[in-house]
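What follows draws every value from the coordinates through simple rules; no lab data is involved. All values derive from a computational prediction rather than experimental measurement. Here the Cβ positions follow ideal geometry from the backbone for every residue, glycine too, while neighbour counts run over all protein chains shown.
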Amino acid sequence: MLIIAGLGNPGNKYAANRHNIGFMAADEIVRRHSFGPWKNKFNAEISDGKLNGEKVLVVKPQTYMNESGQAVGEILRFFKEDLSNLIVIYDELDLPPAKLRIKTGGGHGGHNGIKSIDAHCGKEYRRMRLGIGHPGSREKVTGHVLGDFAKADQEWLDKLLQAIAENAPLLADGKDANFMNKVALDIGQNKDTKKPKASKAQSHIRQARKSLLKDQPKSGPMADMLKKLFGDKDGK
C-alpha cells in the first residue's frame with residue numbers, strides 16, 4: 001500500500017498558509033480520484049482509495065507540523081509498511097513558486113515536519129517538495145510560511161495542485177521522473193518559445209557574404225562567379 005502524507009497545521013486559522021500546501025495537495029488528490037471520506041484516526045485525517053489499481057492511503061497529520069512524525073510513524077507501524085512506500089508532500093522555501101521536486105532520502109533542510117518524520121520513521125522515504133519561494137531574509141521566513149498565499153499566487157497554485165492530482169497515478173507506479181515532467185508540462189514550465197540563435201560560424205559566413213556582395217559588379221565574369229558561390233543580393 002502506498003501512503004501519501006501531506007503536511008500542514010490543522011485548523012481554519014492555518015488553512016490557507018503557504019506552510020499548508022501539503023494539506024492542499026492531499027485534499028486535491030482525494031477529491032480528484034474520488035477517495036473515501038476523511039476519517040479521524042492515528043492522530044491524523046485519513047482517506048483511502050486507489051491509483052492505477054493500487055491501494056493508497058492519504059494522510060494529513062493533525063499533531064501540528066513539528067510533530068508530524070508521530071502520526072506518520074504510527075500509521076507505518078500499524079500497516080507494517082516499509083519506508084519506501086511513503087511519500088511526504090511539503091513546502092520548500094528554497095524552490096521558486098510552482099517548482100516541484102521528488103527525491104528519496106536527504107536532509108530536512110530546516111523543515112520541522114520533515115525533521116519530525118526523520119526522527120520517528122527514518123530518512124529513506126520519497127519527498128515531494130513544493131516551492132513556495134523565499135521571502136529574501138531569514139527574519140521574514142516565519143511570517144512568510146505562516147502567511148496566506150496571496151491572490152497573485154492563486155493561478156499557479158491551482159494549476160500545480162491540479163497537475164499533482166491528475167498525475168498522481170504515476171506515483172503509484174513509482175514513475176517519479178515521469179510525474180515531475182508531466183506536472184511541469186501541465187503547468188507550462190517546459191515550454192520553450194525562444195528561437196535558436198545562429199552559431200558564431202554561421203554569423204561569420206553571413207558577414208563575409210554581405211561584404212563580398214556589397215561591391216560586386218552587376219555583370220561580367222566576376223559577377224557570374226560570385227553569384228554561383230553566394231547567390232545574388234536577394235539571396236536567390
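In terms of surrounding Cβ atoms within a 10 Å radius of their Cβ, His111, His134 rank from fewest to most as His134, His111. Applying a DSSP loop filter and a limit of 10 other Cβ atoms within 10 Å to the trypsin sites (Lys or Arg not before Pro) in region 48-129 leaves Lys80.
Set the bar at 29 Å for Cα to Cα. Now go through Lys13/Lys55; Lys50/Lys80; Lys80/Lys159; Lys103/Lys159; Lys99/Lys175; Lys41/Lys182 and name every pair that lies beyond it. Don't skip to the answer; put the middle values down first.
On the way: Lys13/Lys55 32 Å; Lys50/Lys80 19 Å; Lys80/Lys159 35 Å; Lys103/Lys159 22 Å; Lys99/Lys175 18 Å; Lys41/Lys182 33 Å.
Violating the 29 Å limit, Cα to Cα: Lys13/Lys55; Lys80/Lys159; Lys41/Lys182.
Backbone phi angles across region 117-129, fed through the Karplus curve with coefficients 6.51, -1.76 and 1.60 (θ = phi - 60°), yield HN-Hα couplings of 5, 4, 5, 8, 10, x, 10, 8, 10, 7, 10, 9, 9 Hz in residue order; Gly and Pro are listed as x.
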